[in-house]
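Below is one structure, written out as structure tokens, with a few remarks after it.
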Amino acid sequence: MKEGDRTSTEAAKLKSQIASLEELLKVLEQVSLEQAHSLEFRNILLVTQQEASIDGILIVDENGVVISHNRRFADMWGLDPETILSRNHVEALRPVLKKLVDPEVFIARLQYLYEHREEKGRDEIALNDGRLFDRYTAPMVGPDGTYYGRVWYLRDITEHKMSDEKMRKLSVAVEGSSDWVLVTNKDGGIEYANRAVEEMSGYKKGEIQGRTPRIFKSGRHDDLFYKELWTTILSGRTFRGIISNRKKDGGLFEVFHTITPLKDGDGNITHFISMAKDVTQQKILEEKIHRLAYYDDLTGLPNRVFHKELMARTIEIAKRNKQLFALLYMDLDNFKRINDTLGLNVGDFLLKSVAKKLSAFLRRCDYIARCQEVNIEDVLSRPGGDEFLVLLHNLGEAQDAARVARRILEELSAPWDLDGREVLMTASIGISLYPDDGETVDHLLKNADAAMYHAKAEGKNNYQFYSESLNASVLELLTLESEIRKGLDRGEFTLYYQPKLDASTRMITGMEALIRWNHPEKGLLLPGRFISAAETSGLIVPMAEFSLRAACVQLKRWQEEGFKPITVAVNVSGRQFDQKNLIEVVDGALRDAGLSPRCLELEITESTIMRNPDEAVRTLLALKERGIEIAIDDFGTGYSSLNYLKRLPLDFLKIDQSFVRNVASSRSDQAIVRATIAMAHSLNLKVIAEGVETAEQMAFLCEQGCDEVQGFLFSRAVPPHEFSELMAKEYL
């Protein structure tokens, strides 16, 4: 039983016994003094108290002579029971005076009660051995007011006092503790909170009394966290853990909680006591220590130690997911000269400025830097001096690393204002790739460092891969990308047009716009020479928009020249189709050219649609509502779901030329073409066959009911002025 419960029980028992004593006194009021002196009456008085009571009882007559007592009374004083009876109680108790702390007070109290017989009394008697008695005394008065004597009721309250003192000290200690102490009932209602709860949370006790600890909920823990907490304490176990709480003013504080269930005598949980220590400052200190150990003091970037940990983590992820990642090792060119001429302070300022610019410039997706609670932005590293490291994770290809390196060099090439002086800064960058250039942290660092020194040897202000062969191929590709960008700006791209014919009549029904590049040095280039580079660099998007606008303008010009209305088909690249503004771009091209949407046909590859079929359906419906015709290009080369195919708002299926090429001789290609045409017609779609080059191919396609054809058998793609001549013929 808990101490508080024991104290309450004994207090109730004392109250009950006092009530019983008062009942006895009422009986005494009805009897005579002679009866009180009789043995029979003494037995009546003590029959329920003699041996069983834990309290001492003493009865004296009107002259103070002891007429009865129980054994407990004598034992409490250490007296021989036989020496007490029939003696004046003052004389009988004189041997105990030397045991009292204040004997004079005791004697004075006896004298006072003797002189004031009608009064009740209650006081505490302290003994030298540390014991403490609670004495209750009351007069025995008859109905006529006659005084017959007095009853003593003596209880040893030493343990109670000690318990009370312990409880008082404990209460003072708990209330004054710097640790959080909170007591709730089983349902979580707050019944007690010490001063530390007020100080930590900012709430006054009255504001949280009766409420639940949810008042401190920070929102930083999910439902699973609280579910596990309640499962633990309701099972009778103690929960321990760090909890983020929210103050009254909205601020956060971290506490290490120990939540313990309190049980009654039957083992049932009645309360929970939460004791917690504020660890906010401790966590701040730990973060400071972590920062000193893992971060560069000058720039605030991760240092070499931390960067190596990040690399190790990156290697684990890349190995598990079979990913490619790159390490860029960058060194500022001629930094020592700046230190020597402008001073160390200016050099430090430059390093901090470079770190700040690169941190803001590099894309978040260029790195991996999450290590436990490390912020994902803390990824650019400074191992020391004028060196910087960057991790580029989950790359699609090596060229991605080269593009980032080139952007870094471009960013650094802008003039720097150092203490009022304009300074030009360049850098040399070495690149190593995982897993080709190493599968350990040290190998990748060593090889990237070697590549960086190679970049310096090549004249600085450039980047180099560790692999020489990769340097050559990447350089060629990036050079091509640069030329494409310049070509778009200079208007070097143009459209050629290939006619589409009705298969049965050979009448021109439309045309497909195909892009060409009038390269100033290499002449006319077909798409196979540059489309791949445009796709990987993202330049395919502006290139495709150019094709769309140019085709619409050209068709509108032919219409104004009096040629009969036909449609123009424009290819939509995968990247262009994924753009959020595709619909706006198409609307703008038609509006600017003054062309009806019914004259435009968009060709989209099967694989592009199947990347995100649901989104593709929504986009195609929006285009179809405008009257634009839709064709699936290269049908049969992807993995279309017939379930989606029937949902797509299509007009044409375009059979890929890989099936048409051998259709005259290959039974399997014949079967594929035959099935495709039959399926398309069952879905009310027309079929276009591309790449038709022979009469045999044409005959088979016509036999199977193919609707339209295009290919070298009729005409190659030609420039606009030649296509005007084809349209004048109408039939080919």
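The values are calculated or read from the model by the stated rules, or taken from the named source; none is laboratory data. Everything quoted here is computed from the prediction, not taken from an experiment. Note: ideal-geometry Cβ built from the backbone for every residue, glycine included; neighbour counts use all protein chains shown.
Within segment 254-262, does at least one residue satisfy the condition of being more than 23 Å from residue 199 (Cβ to Cβ), assigned to a strand (DSSP E or B) and in contact with a strand residue (DSSP E or B) (Cβ under 6 Å, 6 or more places away or on another chain)?
yes
Consider segment 481-527. How many of its residues are farther than 19 Å from residue 714 by Cα and polar (S, T, N, Q)?
The qualifying residues number 3.
With 554, 576 as the choices, which residue is more than 44 Å from the chain's Cα centre (by Cα) and either in a helix (DSSP H, G or I) or of a type in the set (Asp, Glu) (or both)? Working first, answer last.
Details: 576 fails: more than 44 Å from the chain's Cα centre (by Cα).
The conditions single out 554.
Hey, can you tell me all the residues within segment 690-700 that are over 11 Å from residue 501 (Cβ atoms) and outside any loop (DSSP other than H, G, I, E, B)?
Selection gives 690, 695, 696, 697, 699, 700.
Tally up the residues in segment 694-732 that are hydrophobic (A, V, I, L, M, F, W, C), surrounded by fewer than 13 Cβ atoms within 10 Å (Cβ to Cβ) and under 60 Å from the mean Cα position of the chain (by Cα), please.
The qualifying residues number 1.
Within segment 440-451, can one find any residue that is charged (D, E, K, R), surrounded by fewer than 22 Cβ atoms within 10 Å (Cβ to Cβ) and closer than 23 Å to residue 360 by Cα?
Narrowing segment 440-451 to residues charged (D, E, K, R): 442, 446, 449.
Pick out the ones that are also surrounded by fewer than 22 Cβ atoms within 10 Å (Cβ to Cβ) and you get 442, 446, 449.
So of that shortlist, the ones also closer than 23 Å to residue 360 by Cα come out as none.
Looking for residues that are charged (D, E, K, R), surrounded by fewer than 22 Cβ atoms within 10 Å (Cβ to Cβ) and closer than 23 Å to residue 360 by Cα, one finds none in segment 440-451, hence no.
Examine segment 414-426 for a residue that is surrounded by fewer than 17 Cβ atoms within 10 Å (Cβ to Cβ), in contact with a Gly (Cβ under 9 Å, 6 or more places away or on another chain) and part of a loop (DSSP other than H, G, I, E, B), and state whether such a residue exists.
The answer is yes; a qualifying residue exists.
Would you mention how many residues in segment 517-547 are within 17 Å of residue 571 (Cα to Cα), touching a residue at least 24 places away in the same chain (Cβ under 8 Å) and not in a helix (DSSP H, G or I)?
Selection size over segment 517-547: 4.
Considering each of 254, 207 in turn, give the residue that is modelled with pLDDT of 85 or more, surrounded by 12 or more Cβ atoms within 10 Å (Cβ to Cβ) and either in contact with an Asp or Glu (Cβ under 9 Å, 6 or more places away or on another chain) or of a type in the set (D, E, K, R) (or both).
Working: 254 fails: modelled with pLDDT of 85 or more.
From the options 254, 207, the qualifying one is 207.
Among the residues of segment 646-666, is there at least one that is touching a helix residue (DSSP H, G or I) at 6+ places or on another chain (Cβ under 9 Å), over 30 Å from residue 696 (Cβ atoms), crowded, with 16+ Cβ neighbours inside 10 Å and at pLDDT below 90?
yes
With modelled with pLDDT of 80 or more and either surrounded by fewer than 18 Cβ atoms within 10 Å (Cβ to Cβ) or of a type in the set (Asp, Glu) (or both) as the only criterion, which of 337, 370, 363 stands out? Quick ask: steps written out before the conclusion?
Numbers: 370 fails: modelled with pLDDT of 80 or more; 363 fails: modelled with pLDDT of 80 or more.
Selected residue: 337, the only one of 337, 370, 363 that is modelled with pLDDT of 80 or more and either surrounded by fewer than 18 Cβ atoms within 10 Å (Cβ to Cβ) or of a type in the set (Asp, Glu) (or both).
Quick check: is even one residue across segment 590-606 closer than 30 Å to residue 728 by Cα, in the same structural domain as residue 718 (by TED's automatic domain parsing) and free of Cβ contacts under 8 Å to residues at least 24 places away in the same chain?
Kept after step one, since they are closer than 30 Å to residue 728 by Cα, are these residues of segment 590-606: 590-604.
So of that shortlist, the ones also in the same structural domain as residue 718 (by TED's automatic domain parsing) come out as 590-604.
Add one more test, that the residue is free of Cβ contacts under 8 Å to residues at least 24 places away in the same chain, and what stays is 591.
Yes, segment 590-606 contains a residue that is closer than 30 Å to residue 728 by Cα, in the same structural domain as residue 718 (by TED's automatic domain parsing) and free of Cβ contacts under 8 Å to residues at least 24 places away in the same chain.
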